[in-house]
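Remarks on the structure that follows.
The values are calculated or read from the model by the stated rules, or taken from the named source; none is laboratory data. Just so we're clear, the structure is a prediction, and the values are computed from it rather than from any experiment. Positions of Cβ are generated from backbone atoms using ideal geometry, with glycine treated the same way; all protein chains shown enter the neighbour counts. In case anyone asks, the SASA skips ligands and DNA or RNA and just uses the protein heavy atoms, side chains included. Shrake-Rupley method; radii C 1.70, N 1.55, O 1.52, S 1.80 Å.
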Amino acid sequence: MIKAIAVDDEPLALIVLETYCKRNNEVELIKTFSNLKDAQKYINQFPIDLMFLDIQVSRTNGMEFYKKLENKIPVIFTTAFEEYAVDGFNVSALDYLLKPIEYERFEEAICKAKNSLGNNKVKNENDFLSIRADYKLNKIYYEEIEYIEGLDDYVKIHLSDNKKITARMSMKSLLEKLPDNLFIRVHRSFIIPTKRIKSVQNKSIFLENKEIPIGDTYKSVVSDIFKN
């Protein structure tokens, strides 16, 4: 999963990026900033993989800000002005998104970022779940989990490579092992990664290839995701 931040002084632009990142399974937008000063402080303290950067932030040139960074984070520039595109590529930007940004174009940019970062990106040691099943300890990375299904005293973990791991444990105990910012229980029999949610309709959540029912007890929890 690509860890990203976004810098833009337009609230609507940040909302668009947040919405698109939630739809995409490859990138997690962990922080947004409306000014360059706060973004600089965060960059100095925390590691990130990618930055969405508006070229004009509060009358300050985002391009010049990027050129002065000691640690050149991979960047995707965003702007309403097409004439900046050449400058963006001159500083080795991964891509350049013209506002208003279309989701399909956003996906293209993330694909470029994934290809650029993929060979060098190492999975974090804390990005996995350890589950004992089939007489062995299984290491399951969070990003590989499609959804989790509860079956009486067992859980079945469906993975992105079509594999399934079945373990003897309760949904409650498994949920306690999962990071609550990445997974949500939507039914007494289902836990899903929030990043894989494609849409919600009536009493169902739609993932890429699966329809998941929403339990009456969990309606407010699901609603809170989209409020945030």
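A 1.4 Å probe run over the protein chains yields, for the chain, 58 Å² of accessible area per residue, whole-number rounding. Among Arg188, Arg196, Arg132, the largest mean-square fluctuation in a Gaussian network model of the chain (Cα springs under 10 Å) belongs to Arg132. Using a Cα-Cα cut-off of under 15 Å, which aspartates and glutamates could be cross-linked to Lys99, ignoring same-chain neighbours fewer than 8 residues away? Within reach: Asp8, Asp9, Glu10, Glu18, Asp54, Glu82, Glu83, Glu107, Glu108. Between region 194-216 and region 147-178, how many Å separate their Cα centres? Their Cα centres are 17 Å away from one another. Straight-distance candidates among the aspartates and glutamates for linking to Lys139, with alpha-carbon spacing under 13 Å and chain neighbours fewer than 8 residues away dropped: Glu125, Asp127. When restricted to Cα atoms, the chain yields an Rg and a Dmax of 19.6, 61 Å, respectively. Report in % the part of the accessible area of the chain that belongs to carbon and sulfur, leaving out ligands and nucleic acids; probe 1.4 Å. Answer for the chain: carbon and sulfur cover 46 percent of the accessible area. What the Cβ-Cβ distance of Arg23 and Gln45 gives, at R0 = 35 Å and to the nearest 0.05, is a FRET efficiency of 0.80.
Within region 181-221, name every residue whose backbone N is under 15 Å away from a label modeled 7 Å from Cα of Leu175 along the Cβ vector. Backbone N within reach: 181-194, 213-221. The calculated pair-distance distribution of region 1-62 uses every alpha carbon pair, bins of 10 angstrom beginning at 0, and gives 23, 55, 21, 1 percent. Backbone phi angles across region 129-137, fed through the Karplus curve with coefficients 6.51, -1.76 and 1.60 (θ = phi - 60°), yield HN-Hα couplings of 10, 9, 10, 8, 7, 6, 6, 8, 8 Hz in residue order; Gly and Pro are listed as x. Within a straight-line Cα-Cα reach of under 30 Å, Lys203 can be paired with the following lysines, leaving aside sequence neighbours fewer than 8 residues apart in one chain: Lys22, Lys156, Lys163, Lys164, Lys172, Lys177, Lys195, Lys219, Lys227.
About its Cα centre, region 96-202 has a charge dipole of approximately 120 debye under the convention of +1 per Lys or Arg Cβ and -1 per Asp or Glu Cβ, with nothing else charged.
Charged neighbours of Ala167, selected by a Cβ distance under 12 Å, balance to +3 (K, R count +1; D, E count -1). Relative to the current alpha-carbon distance between Ser58 and Lys139, full extension at 0.36 nm per residue lengthens the span by 24.6 nm. Over all pairs of different C-alpha atoms, region 137-228 has a mean inverse distance whose reciprocal, the Kirkwood radius, equals 13.4 Å. Remark: spin-label model distance Glu70-Val221 equals 4.4 nm, labels positioned 7 Å along the Cα→Cβ axis. Across the protein chains, with a 1.4 Å probe defining accessible surface, the residues Glu208, Glu64 rank Glu208, Glu64 from largest area downward. What the phi angles of region 26-34 give under the Karplus curve with 6.51, -1.76 and 1.60, with θ = phi - 60°, is a coupling list of 9, 9, 10, 8, 8, 7, 10, 9, 9 Hz, glycine and proline written as x. Net charge in the neighbourhood of Ala109 (other residues with Cβ under 12 Å of its Cβ; Lys, Arg +1, Asp, Glu -1) is -3. Phi angles of region 146-159 translate, via the Karplus equation with coefficients 6.51, -1.76, 1.60 and θ = phi - 60°, into HN-Hα couplings of 7, 6, 10, 10, x, 10, 6, 8, 10, 10, 10, 9, 8, 10 Hz per residue; Gly and Pro are given as x.
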